[in-house]
Structures are given as structure tokens and as C-alpha cells.
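Report on the following structure.
The values are calculated or read from the model by the stated rules, or taken from the named source; none is laboratory data. Because the structure is a prediction, the values reported are computed rather than measured. Cβ atoms come from the backbone with ideal geometry, glycine included; neighbour counts cover every protein chain shown. Ligands, DNA and RNA are stripped out before the accessible areas are found, and what is left, the full protein with its side chains, is counted by its heavy atoms. Shrake-Rupley method; radii C 1.70, N 1.55, O 1.52, S 1.80 Å.
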Amino acid sequence: MSFPHPEHDHRHCVHDALARAERLCQERGARLTDQRRRVLELVWQSHRPLGAYELMDALRKDGKPVAPPTVYRALDFLIEQGLVHRLASLNAYIGCEHPGERHSGQFLICRACGLSAELSDPAVAAALSREAEIQGFRVEQQIVEIAGLCARCQEDAP
Ligand SMILES: [Zn+2]
Ligand SMILES: [Zn+2]
Ligand SMILES: [Zn+2]
């Protein structure tokens, strides 16, 4: 996956993400309720990871205030279904760009504009797993978060 271009038609991203989610949940018999769907749509409102409180604000603006536990439960569901990743370094959530495939995400996170791109190189994941195995460590979850500056923000920097 490449870094999102600022002028790309983001409606397509949202549309595709929701369509994929609906299909996957249907195949698995998982219930994508209106509320879960709306939370997913909000997570996908941009390619910037979004915090739970920003999500709650957006739901309040919908005129449908939601209690924090409900939002966290919706997020847990979306993470379980592989539709959303949680980025620990930001304590924020980002829509998965290729749900339905087993993968461990690697994220490039721009510290200036906040945009994030998901990479998924099986070779990177395999190298990390191998190193963990050498240590006798059993990997349960592998998310790599890489902080830095995207190409565009480097241009803007003096
Ligand atoms: Zn987009
Ligand atoms: Zn992903
Ligand atoms: Zn940037």
C-alpha cells in the first residue's frame, strides 16, 4: 500500500472499506450492526488514525451520543474481524487496507500530518517471528509502528 495522495478520491476508500466489511461479516456470520458500521465509517473518515474520544465526538455530532464502553465494544468487534487496527503509540484506530487476509500490519506514521500507510510485507513479519522464536518467545500479535515524515512533509520541511 502506498501513502495516500492528498487529492485522491477518498469516497472510494470509504465505499470499498464498508463493502468489504459487509461481505466479510456476512461470510463469517458476524453481525455488522448499524452502530458498528458507523464506527467503521468514522474510523475511515480519513487516513489519519482516530482516537476513541474523537469517535465519540463524531457520534455525538450524529445526534447519537454513545457511551464509551459501547464505542470500545464496537472497536473490539472491528479489531476482532480484522477491519481495524489499533496503533498503540498513538492510542488510535485505523481502518485495515486488506482485511480478510491474515497479516501483521506494519505502519508508517507521519508525525507531521498524521497520515498513516499500512504496509504488509510477509518477509518483514517472518523475520520478526524468526527472531522471536530464537528467543523462545511466542508471538501473539505483531504490529510494527514506524514514526517519521512522509515524502510530502519532507518537502514542506525547511
Ligand atoms: Zn482514501
Ligand atoms: Zn491490516
Ligand atoms: Zn506527512
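For segment 10-156, build the charge dipole from Cβ charges (+1 Lys, Arg; -1 Asp, Glu) around the Cα centre, then report which of Ala151, Gly51, Ser116 sits farthest towards its positive end.
Gly51
For a Förster distance of 35 Å, can you work out the FRET efficiency between the beta-carbons of His5 and Ala67, rounded to the nearest 0.05?
E between His5 and Ala67, to the nearest 0.05, is 0.40.
With a probe of 1.4 Å, find how much accessible area segment 10-156 has per residue, and write the answer as a whole number in Å².
Ligands and nucleic acids excluded, the result is 60 Å² per residue.
Set the Förster radius R0 to 30 Å, insert the Cβ-Cβ distance between Asp57 and Arg138 as r into 1/(1 + (r/R0)^6), and round the FRET efficiency to 0.05.
For Asp57 and Arg138, the calculated efficiency is 0.20.
Pop out the carbon and sulfur fraction of the accessible area of the chain as a percent, whole number, probe 1.4 Å.
Taking all protein chains in place, the chain shows 50 percent carbon and sulfur surface.
Among Ala126, Phe107, Ala74, whose Cα sits farthest toward the positive end of the charge dipole of the chain (+1 at Cβ of Lys/Arg, -1 at Cβ of Asp/Glu, about the Cα centre)?
Ala74
In percent, how large is the relative contact order of segment 10-156, given Cα pairs closer than 8 Å and 6 or more residues apart?
For segment 10-156, the relative contact order is 21 percent.
With +1 on the Cβ of every Lys and Arg and -1 on the Cβ of every Asp and Glu, and nothing else charged, how large is the dipole of segment 14-114 about its Cα centre, in debye rounded to the nearest 20?
With only Lys, Arg, Asp and Glu charged at Cβ, the dipole is about 160 debye.
Anything in the chain that counts as a DSSP H helix reaching 15 Å or more along its axis (C-alpha) with Kyte-Doolittle mean of at least -0.5? List them, would you?
Span-like helices in the chain: 68-80, 122-134.
For segment 10-156, what is the percent of antiparallel DSSP beta bridges, rounded to the nearest 5?
Percent antiparallel among DSSP bridges in segment 10-156 is about 65.
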